[in-house]
Amino acid sequence: MEVPQGLAVDNPGLVCKLNKSLYGLKQASRQLYAKLTEALCSRGYAHSMYDYSLFYKKSEHSSVYIAVYVDDIVVIGTDIMETTDLKTFLNNNFTIKDLGRLYYFLGLEVLYKDDGVIISQRKFTLDLLKEYQCMDHSSINSPLDPTVKLKAKEGERLTDPTYYKKLIGKFNFLTNTRLYIAYSVQHLSQFMDDPREPHLTAAFHLLRYLKGDPTLGIFLSKDQDYTIRAYCDSDWAACPDSRKSVSGYLVLMGSSPVSWKSKKQDTISLSSAEAEYRALRKVVGELVWLNRLFEELIAPFSKPIDVLCDSQSAMHITRNPVFHERTKHIEVDCHFVRSKLQEGLISLHHVGTTDQLVDILT
C-alpha cells in the first residue's frame, strides 16, 4: 500500500493497517461474499452444498433461490412477498439497485418467448468482432478449417502471445451459450502456452464463423418434460502431438441443454473402446453432481437417467464385473460408472452414430 495523500508519516517504519477492503482489491470479492453469506444465513437461507454461488430458502408451499456472482444477484422464487422483503433486506444492508425482470446478466441476454427463453451473448459477440476488426470480413460456415491440421510447434511464434490468449479466453466465455463451438475452443486452447501464426489464423477463422449469426444462443423450453438424457462420445488419439483423445458430453432436460463439455483426456487410451469408456466416466460424474443439485432445486426428474453411447464395447466393459487383460490398466475411478449402473442412477443405451448429438463436441 502507498501512504494516502495528506497523511504525514514521521516514522518511516510505520505501515498502514487495512481495516476495510475496498472495491477493486483482490480480496474485495471474497470479503463481500463472506458478508453476503452471513446476511442471507441470518435470514434463514441455506448455502447450496453443490454450487457455492447458490442460496435457497424452502418451505412446504414456496421456494426462493438466489444466484450470486460477486455483487450481481439473481433472485427467483414462487413467493412474491418473500422476494420483495428480501430485496428490501438486501438494500438496507448493502444498498442495491433493483433492475426488475432479468434481461441481461454477466453478458448473457435473455429473450422471453411464449414457449420458453432464449439465452444469447449477442452484444458480447458483436463487441468481440469489433475489437478484433472482423466486422468487414465475410462470414464462413464452419468453426475450423477441416483441411488444416494444427500442431503445437508448427509455424512462426507470435510476437505478442497475450493477444492470442485474450481471444481464446473470450471464446471460452462464449461457450456458455454456444455449445457447438466447444470443440473448436478446447482445440485452440491446447496452444495457449506457445501460440503460433497458424493457431491465430484458426482463431480468426472461428471469429468469421461467429459473424455468420451473432444472435445465436440456446433455447430453454418451459415444457413440463423433466426427463434427463445424456449423450457421450469420444474420438481416438486424434491429437497429432500427444495422441490423446477428446471426450464430449451433453446433458438434456427435456429438449433443453443444461450441461456440456469438450475436453482432452488426461491419459492416452490404448483403444477406441477405452477412450469411449473414459468419456462415459466423465458424463456419469456430471450426472452424479446434477442429480444432487436437482434434488436441491426440487426438480421432479425420474431415475434411472438414460445415457446414450455409440460404442457397444464401452457398454460391455461397464456391464462386465470381471477385470481382464484389456481393462486391468484402466484407473479404478473410471469403474465407478459400473457402480452407478448397479445403483440404478443410470441406464445405458446404444445410439447410432448418425443420431449421436455429441459428435459435434469431438
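The values are calculated or read from the model by the stated rules, or taken from the named source; none is laboratory data. Remember, it's a predicted structure, so these values are computed and weren't measured experimentally. Note: ideal-geometry Cβ built from the backbone for every residue, glycine included; neighbour counts use all protein chains shown. Note: areas computed on protein heavy atoms with side chains; ligands, DNA, RNA excluded. Shrake-Rupley method; radii C 1.70, N 1.55, O 1.52, S 1.80 Å.
So here's what we get for this one:
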quantity	calculated
Loop chymotrypsin sites (Phe, Trp or Tyr not before Pro), region 85-134 (other Cβ atoms within 10 Å of the site Cβ: 14 or fewer; DSSP)	TYR103
Residue among ILE317, LEU36, GLY107 farthest towards the positive dipole end of the chain, charges placed on Cβ	LEU36
Whole-number percent relative contact order across the chain, with pairs defined as alpha carbons under 8 Å at least 6 apart	13 percent
Label point distance in nm, THR147-PHE105, each placed 7 Å from Cα along Cα→Cβ	4.5 nm
Of (i) 21.2; (ii) 22.2; (iii) 25.7, the label for mean projected area of the Cα convex hull in nm² derived from the coordinates	(iii)
3J(HN,Hα) from dihedral phi, region 335-348, Karplus parametrisation 6.51/-1.76/1.60, rounded to Hz, x for glycine, proline	6, 5, 4, 4, 5, 5, 5, 5, 6, x, 5, 10, 10, 9
Amide N of region 115-130 lying under 20 Å from the label point, which is placed 7 angstrom from the Cα of ASP160 along Cα→Cβ	127-130
At most 15 other Cβ within 10 Å, DSSP loop - trypsin sites (Lys or Arg not before Pro), region 70-109	LYS97, ARG101
Gained length - LYS222 relative to ASP194, 0.36 nm times residue gap less alpha-carbon distance	5.6 nm
Segment GLU131-LEU18, length gained on full extension (0.36 nm per residue, minus Cα span)	36.9 nm
GluC sites (Glu not before Pro) restricted to region 245-325 and DSSP loop, no more than 14 other C-beta within 10 Å	GLU325
For the chain: accessible area per residue (Å², 1.4 Å)	58 Å²
The chain - charge dipole about Cα centre, Lys and Arg +1 at Cβ, Asp and Glu -1, debye rounded to 20	480 debye
Gain on full stretching of the segment that runs from SER62 to ILE268 - 0.36 nm per residue minus C-alpha separation	69.2 nm
Max mean-square fluctuation residue, GNM over the chain, Cα-Cα springs under 10 Å, options LEU14, LEU290, LEU144	LEU14
Integer Hz, Karplus 6.51/-1.76/1.60 couplings in order for region 142-154, x for Gly and Pro	9, x, 10, 6, x, 8, 9, 10, 6, 10, 5, 10, 9
Table column - 3J(HN,Hα) (Hz), region 265-277, Karplus curve with 6.51, -1.76, 1.60, x for Gly and Pro	6, 6, 10, 7, 8, 7, 8, 5, 5, 5, 4, 5, 5
Unit charges on C-beta of K, R, D, E only; dipole of region 174-243, Debye	220 debye
